[in-house]
Amino acid sequence: MLPLFLRSIKFLVGGAFIFVLALALFGTVSSWITDPPQPTAEEEFHHHPKELALKSDGPFGKFDNQQLQRGFLVFEKVCAACHSLNLVSFRDLQQIGYNEAEVKKIAKDWPFKQPVQDAKAGTWGERDNLPSDRFPKVYYPGTGTPPDLSLITKARHGGAAYVHSLLTGYEEKQPAELLAKFPGAKTPDGSHYNPYFANLNIAMPPPLTAADQVTYSDGTAATVENMAKDVSAFLVWTAEPTMERRHAAGLAVVIFLLIATGLAYGAYLTVWRGVKH
């Protein structure tokens with residue numbers, strides 16, 4: 001008798017639990033239908049990255065070394081004062097067309113040096129960079145460190161298109177519609193309005209402000225648009241410098257599989273020729 005009573009209690013408790021869950025679900029759904037959540041300022045005014053076409057796009061894409069060198073120049077002259085590139089070595093630049101002597105000069109002249117410690121004195125000093133060194137880290141003690149850009153096109157949704165849109169997307173002031181709808185969303189002092197940034201306001205001031213911030217040796221016009229596109233292409237390379245080899249290996253594997261499939265089918269026809277089904 002007792003086990004039957006316990007089983008009845010078990011079903012009653014389970015039924016009550018299911019009823020409470022169903023009631024909570026019904027309440028949530030009905031409140032969402034009658035009073036749907038309002039979008040936030042970030043959800044309503046954030047822009048998706050603009051379209052950006054690069055020669056490295058797609059399964060057969062290849063890097064344009066001239067463009068990568070222009071992008072490195074933009075990084076060197078504009079971005080490197082604040083952002084690190086610590087997963088890339090100076091000698092890696094030979095992959096985009098710089099010769100050994102040029103790499104040595106770039107490493108030696110780089111404004112940030114390699115930290116070294118004097119074990120006996122217990123003090124730190126600096127030495128010139130070598131081609132085998134990675135780009136030194138940039139530190140801002142007490143104020144936060146801007147993100148390293150080595151993998152930025154992998155770490156951000158949209159990749160190169162995001163970087164390009166962010167660099168070219170600064171606006172002098174917020175839209176009147178935004179302030180009318182969200183009065184509390186005013187850009188704080190020290191920040192800058194950029195609808196391509198996640199929360200619309202970014203601490204980094206516009207890095208590309210005018211044409212000819214750099215001088216391209218190949219005669220390309222150094223407009224803000226071109227500089228943003230070139231540095232975005234360069235950061236695609238820093239994030240995946242082996243992309244071309246990976247594409248070539250993938251193509252070779254696909255061709256091999258096609259040939260192997262044809263040979264296997266030919267062997268199948270030869271073995272079963274003349275055999276009645």
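The values are calculated or read from the model by the stated rules, or taken from the named source; none is laboratory data. Owing to the predicted nature of the structure, the values given are computational and were not obtained by experimental measurement. Using ideal geometry, Cβ is built from the backbone for each residue, glycine included, and neighbour counts are taken over all protein chains shown.
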Kindly indicate the residue of the range 18-69 that is in contact with an Asp or Glu (Cβ under 7 Å, 6 or more places away or on another chain) and not in a helix (DSSP H, G or I) and also nearest to Q95 (Cα to Cα) among those meeting that condition. F63
Candidate set: the range 159-185, residues that are crowded, with 17+ Cβ neighbours inside 10 Å and farther than 13 Å from P207 by Cα; chosen: the one nearest to the chain's Cα centre (by Cα): G159
What pairs can you find where one residue is in the range 156-173 and assigned to a helix (DSSP H, G or I), the other is among the aromatic types (F, W, Y), and their Cβ atoms are less than 6 Å apart, with a gap of 6+ or different chains? S165/Y196; L166/Y196
Can you report the number of residues in the range 88-120 which are within 20 Å of Q66 (Cα to Cα) and either touching a residue at least 60 places away in the same chain (Cβ under 8 Å) or not β-branched (V, I, T) (or both)? 18
Check the range 266-276 and report whether any residue there is exposed (fewer than 10 other Cβ atoms within 10 Å of the Cβ), more than 22 Å from F63 (Cβ to Cβ) and in contact with a strand residue (DSSP E or B) (Cβ under 8 Å, 6 or more places away or on another chain). no
Suppose we filter P131, P188, P136 for residues that are over 20 Å from the mean Cα position of the chain (by Cα) and free of Cβ contacts under 8 Å to residues at least 24 places away in the same chain; which single one remains? P188
Inside the range 106-136, the number of residues satisfying the requirement of being surrounded by 14 or more Cβ atoms within 10 Å (Cβ to Cβ) and charged (D, E, K, R) is 3
Out of the residues in the range 83-103 that are in a helix (DSSP H, G or I) and more than 25 Å from the chain's Cα centre (by Cα), which is nearest to R134 (Cα to Cα)? V103
Quick one: in the range 73-132, of everything that is touching a strand residue (DSSP E or B) at 6+ places or on another chain (Cβ under 6 Å) and among the polar types (S, T, N, Q), which residue is nearest to V224 (Cα to Cα)? N86
Pairs under 6 Å by beta carbon, first residue hydroxyl-bearing (S, T, Y) in the range 211-239, partner not in a loop (DSSP other than H, G, I, E, B), six or more apart or different chains? Y216/R70; S232/A160; S232/V163; S232/H164
Tabulated pairs, the range 240-263, first within 21 Å of G61 (Cβ to Cβ) and modelled with pLDDT under 95, second outside any helix (DSSP H, G or I) and hydroxyl-bearing (S, T, Y), C-beta under 7 angstrom, 6+ apart or interchain: M243/S56
